[in-house]
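To start, the structure itself, in structure tokens.
The values are calculated or read from the model by the stated rules, or taken from the named source; none is laboratory data. The model shown is predicted, which means the values in this text are computed figures rather than measured ones. Backbone-built Cβ (ideal geometry, glycine too); neighbour counts: all protein chains shown. Note: accessible area is taken over every heavy atom of the protein model, side chains too, but ligands, DNA and RNA are not part of it. Shrake-Rupley method; radii C 1.70, N 1.55, O 1.52, S 1.80 Å.
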Amino acid sequence: MGVDLGVELGEVFIQSATMCAERICRMTSTKIITIAKLVEYAFASPQRRASIIENALTPPVFILDTKYPEIEKAACHFLASHCSSDVRLVELDEQFKRQEVHTNHQEDRIFNAHDAIAHTREMKWPTEAELQLTPNLPKDFEIEGISVRVKPNVVAIQAKKGLKERSIGVVKPYYSRSFPLHSGTDAERGVLFATAIHWYVEQQLDHLGAADPGICFVGDVFSRRVHFGAPRFTQRRKQLTSIAQEIADRWEPIRLRKLSILEKVATRRS
């Protein structure tokens, strides 16, 4: 028994050291944060703000194994059909039903994915503008040295009466139970998110038309609410700029501290 236990503990230490080494390799000094986490950072506690940057440096497994990226892709096809074809969402739902689960965590992920798909299909999406599935759009835009990852797939297009140039926006489904884009009657989180989308459109898609905050929107799927960009956005852009500046200033110190901790753990367990 003692020998077996010693062998098992040795294997655990080796695996742990290997994981630390892998996380060190994955860690990058490139400052990239998702648009969702940029907005969350604006409303987070100091402790949570540090965690957001740490998770951006090396995303933990519980973040990486959500089904949301697959669901979002299927949702974009649904939106581009003006919500008339949910074939991809239904197929994805059936695929998840057939997956084997071996832990409570995996089971929770599957149940959560089913809920996300159901909410996507049932919520009321704005369909006044023409919605086009547009792959290969720029993934990011820059604010104060931070690459903000948007990864859009659906462009909204609307002709304006009397104007030759068409209006352009981006539609983004949003999946998160832990950080809804409203708090009570306050929808400022959602407005800030959609305003950041509008800024992305203005920066990256100006060749397609004029960026219009009225057709830049984020759909908070679990809350079944849609939030549009602010028509008067100057103050919110200043807020986003200050947030990005703070993240940029804190990124390297947090990266070096986290790197030092991982290197110590890896050395101790090797």
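Whenever a residue of the range 182-206 is at pLDDT below 95, its partners that are polar (S, T, N, Q), lying with C-beta atoms within less than 9 angstrom and at least six residues away or across chains, give the pairs H182/S223.
Considering only residues of the range 240-270 that are under 23 Å from the mean Cα position of the chain (by Cα) and surrounded by fewer than 17 Cβ atoms within 10 Å (Cβ to Cβ), which is nearest to T58 (Cα to Cα)?
The selected residue is E252.
Scanning the range 31-74 for residues that are at pLDDT below 95 and in contact with a strand residue (DSSP E or B) (Cβ under 7 Å, 6 or more places away or on another chain) yields a total of 2. On the given criteria, is R177 of a type in the set (K, R), exposed (fewer than 15 other Cβ atoms within 10 Å of the Cβ) and in contact (Cβ under 8 Å) with a residue 60 or more places away in the chain? Criteria met by R177. Do you know which of the residues in the range 214-228 that are touching a residue at least 40 places away in the same chain (Cβ under 8 Å) and closer than 15 Å to S167 by Cα is farthest from the chain's Cα centre (by Cα)? The qualifying residue farthest from the chain's Cα centre (by Cα) is G214. Filtering the range 219-238 for residues that are under 23 Å from S45 (Cβ atoms), open to solvent by 20 Å² or more (accessible area, probe 1.4 Å) and among the charged types (D, E, K, R) leaves a non-empty set.
Conditions (1) touching a helix residue (DSSP H, G or I) at 6+ places or on another chain (Cβ under 8 Å); (2) not in a strand (DSSP E or B), marked per residue:
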{"residue": "V170", "(1), (2)": "yes, no"}
{"residue": "S176", "(1), (2)": "yes, yes"}
{"residue": "R189", "(1), (2)": "yes, yes"}
{"residue": "F222", "(1), (2)": "yes, yes"}
{"residue": "H227", "(1), (2)": "yes, no"}
{"residue": "R232", "(1), (2)": "no, yes"}
{"residue": "I243", "(1), (2)": "yes, yes"}
{"residue": "R250", "(1), (2)": "yes, yes"}
{"residue": "L262", "(1), (2)": "yes, yes"}
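Restricted to the range 30-39, and to residues that are in contact (Cβ under 8 Å) with a residue 24 or more places away in the chain and open to solvent by 20 Å² or more (accessible area, probe 1.4 Å), which residue is nearest to E188 (Cα to Cα)? Among residues in the range 30-39 that are in contact (Cβ under 8 Å) with a residue 24 or more places away in the chain and open to solvent by 20 Å² or more (accessible area, probe 1.4 Å), the one nearest to E188 (Cα to Cα) is A36.
If you filter the range 190-200 down to residues that are closer than 26 Å to D115 by Cα and touching a strand residue (DSSP E or B) at 6+ places or on another chain (Cβ under 7 Å), you find that the one that is surrounded by the most Cβ atoms within 10 Å (Cβ to Cβ) is A194.
W125 meets the conditions (1) open to solvent by 60 Å² or more (accessible area, probe 1.4 Å); (2) at pLDDT 95 or above; (3) touching a Gly at 6+ places or on another chain (Cβ under 8 Å) in every case but one. The failed one is (1).
Which of the residues belonging to the range 139-151 are part of a loop (DSSP other than H, G, I, E, B), farther than 12 Å from I197 by Cα and either open to solvent by 50 Å² or more (accessible area, probe 1.4 Å) or of a type in the set (S, T, N, Q) (or both)? Lay out the reasoning, then the answer.
So in the range 139-151, the residues part of a loop (DSSP other than H, G, I, E, B) come out as 139, 144-145, 150-151.
Pick out the ones that are also farther than 12 Å from I197 by Cα and you get 144-145.
E144, the sole residue that qualifies.
The single condition among (1) under 15 Å from the mean Cα position of the chain (by Cα); (2) acidic (D, E); (3) open to solvent by less than 40 Å² (accessible area, probe 1.4 Å) that D93 does not satisfy is (1). For the range 152-171, filtering for residues that are open to solvent by 20 Å² or more (accessible area, probe 1.4 Å), of a type outside the set (A, V, I, L, M, F, W, C) and either over 15 Å from the mean Cα position of the chain (by Cα) or at pLDDT 95 or above (or both) leaves 7.
Output yes when any residue across the range 201-217 is on the phi > 0 side of the Ramachandran plot, surrounded by 17 or more Cβ atoms within 10 Å (Cβ to Cβ) and touching a strand residue (DSSP E or B) at 6+ places or on another chain (Cβ under 9 Å), and no when none is.
In the first step, residues of the range 201-217 are kept if they are on the phi > 0 side of the Ramachandran plot; the result is 209.
Subsequent filtering for residues that are surrounded by 17 or more Cβ atoms within 10 Å (Cβ to Cβ) retains 209.
Those left that are additionally touching a strand residue (DSSP E or B) at 6+ places or on another chain (Cβ under 9 Å): 209.
Yes, the range 201-217 contains at least one residue that is on the phi > 0 side of the Ramachandran plot, surrounded by 17 or more Cβ atoms within 10 Å (Cβ to Cβ) and touching a strand residue (DSSP E or B) at 6+ places or on another chain (Cβ under 9 Å).
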